[in-house]
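Colleague: First, the structure itself, so that you have it in front of you.
The values are calculated or read from the model by the stated rules, or taken from the named source; none is laboratory data. Note that this is a predicted model, so its numbers are computed, not measured. When we count neighbours, we look across all protein chains shown, and the Cβ atoms used for this are built from the backbone with ideal geometry, even at glycine.
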Amino acid sequence: MPSSLPLSRRQILRTSAFAAAGFFISTRVTRSLAQAAAPSGPFKLPPLPYAFDAMEPYIDARTMEIHHDKHHAAYVANLNKAVADYPDLQKMTTEELVRNLDKVPEKVRTAVRNNAGGDYNHTLFWQSLKKDAGPLQDGPLQEALGELFGDAETGQREFLAKALSVFGSGWVWLSIDKDKKIVLETTANQDTPWALGHKPLFGLDVWEHAYYLKYQNRRADYVAACINLVNWPFLQERFDKLTA
């Protein structure tokens, strides 16, 4: 004899409805708790300077939303958590933190390195993208890039090769060295060129979360697409400031 009688169709629907309602309430409560538990502090997530779909078709809107609202936001929350017991660190900017990691207490140095770096790198990354920004105009930045690469075609090829050379997660950079010349380099994870004694000019995120929804494992296609999104006016202005 079965241990329980079969449910009628009405009972099944009623049970399913209760289960669905319970799941909805549970999910809503979980989300509320997660939001309440998110560490607040002096560091804030900067708003994305354009709509999520502004870089279509090169970067899809869903990737942009998750990248900014989830990944970048997590770095900010975790940075606030890391510095919660250090008032002196709370008064510093993320740039000051990544430039002075030797002054960060060893207990939280790794957390600050990863999360201040994640905040700093992404903030610069969002500013460095613009659709239909136009080509780089004649000027100091173009001259400096010419000294490094020779011509635009060679520059794109070498930048792509450097991006593909990153094993796992990291960034590919155009940075300014101590002689005020542009160098092409990479960093792992969320490290910055400041740790190498260089000033970051432009960084391209090559973590998989930056491109996987649209490009899957085709990092080369993502990098080639992003070359169309370089905000040259912003980089020219930044180059002038970094080399002044």
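Colleague: Out of everything in the stretch 84-103 that is of a type in the set (A, V, I, L, M, F, W, C), closer than 22 Å to Asp191 by Cβ and touching a residue at least 24 places away in the same chain (Cβ under 8 Å), what residue ends up being surrounded by the fewest Cβ atoms within 10 Å (Cβ to Cβ)?
Modeller: Filtering first and then ranking leaves Leu101.
Colleague: Also: Name the pairs whose Cβ atoms lie under 8 Å apart, with the first residue in the stretch 176-203 and farther than 16 Å from Leu242 by Cβ, the second charged (D, E, K, R) and assigned to a helix (DSSP H, G or I), and 6 or more positions between them or separate chains?
Modeller: Thr186/Lys162; Gln190/Arg113; Asp191/Arg113
Colleague: Additional query: Only one of Tyr58, Tyr75 is under 26 Å from Leu204 (Cα atoms), in contact (Cβ under 8 Å) with a residue 40 or more places away in the chain and under 14 Å from the mean Cα position of the chain (by Cα); which?
Modeller: Tyr75
Colleague: A further question on this structure: Determine which single condition Asn114 fails, assuming it passes every other condition in (1) within 18 Å of the chain's Cα centre (by Cα); (2) polar (S, T, N, Q); (3) over 25 Å from Asp177 (Cβ atoms).
Modeller: Checking Asn114 against (1) within 18 Å of the chain's Cα centre (by Cα); (2) polar (S, T, N, Q); (3) over 25 Å from Asp177 (Cβ atoms), the one that fails is (3).
Colleague: Another question, if that's okay. What residue, of Val172, Val112, Val108, is touching a strand residue (DSSP E or B) at 6+ places or on another chain (Cβ under 9 Å), surrounded by 12 or more Cβ atoms within 10 Å (Cβ to Cβ) and among the β-branched types (Val, Ile, Thr)?
Modeller: Details: Val112 fails: touching a strand residue (DSSP E or B) at 6+ places or on another chain (Cβ under 9 Å); Val108 fails: touching a strand residue (DSSP E or B) at 6+ places or on another chain (Cβ under 9 Å).
On inspection, the qualifying residue turns out to be Val172.
Colleague: Moving to a separate point now. Given the structure, is Pro49 surrounded by 11 or more Cβ atoms within 10 Å (Cβ to Cβ) and modelled with pLDDT under 80?
Modeller: In short, no.
Colleague: If you don't mind, there's one more thing I want to ask. Against the conditions (1) charged (D, E, K, R); (2) under 20 Å from Phe239 (Cβ atoms); (3) part of a loop (DSSP other than H, G, I, E, B), where does Glu147 fall short? Just the number, please.
Modeller: (3)
Colleague: Name every residue in the stretch 83-102 that is aliphatic (A, V, I, L, M) and under 19 Å from the mean Cα position of the chain (by Cα), in order of residue number.
Modeller: Result: Leu97, Val98.
Colleague: If you scan the stretch 149-168, which residues turn out to be surrounded by fewer than 20 Cβ atoms within 10 Å (Cβ to Cβ) and in contact with a helix residue (DSSP H, G or I) (Cβ under 7 Å, 6 or more places away or on another chain)?
Modeller: Phe149, Gly155, Gln156, Glu158, Leu160, Leu164 - these are the residues of the stretch 149-168 that are surrounded by fewer than 20 Cβ atoms within 10 Å (Cβ to Cβ) and in contact with a helix residue (DSSP H, G or I) (Cβ under 7 Å, 6 or more places away or on another chain).
Colleague: Return the residue satisfying two criteria in turn: it lies in the stretch 69-88 and is assigned to a helix (DSSP H, G or I) and either in contact with a helix residue (DSSP H, G or I) (Cβ under 7 Å, 6 or more places away or on another chain) or of a type in the set (Val, Ile, Thr) (or both), and of such residues it is farthest from Gly170 (Cα to Cα).
Modeller: Taking the candidates together, the pick is Ala82.
Colleague: Quick one: count up the residues across the stretch 197-211 that are in a helix (DSSP H, G or I) and exposed (fewer than 15 other Cβ atoms within 10 Å of the Cβ).
Modeller: Let us first name the residues in the stretch 197-211 that are in a helix (DSSP H, G or I), namely 208-210.
Still in the list and also exposed (fewer than 15 other Cβ atoms within 10 Å of the Cβ): 209.
Number satisfying all stated conditions: 1.
Colleague: Can you tell me how many residues in the stretch 213-229 are more than 15 Å from Ala163 (Cα to Cα) and in contact (Cβ under 8 Å) with a residue 60 or more places away in the chain?
Modeller: So the answer is 4.
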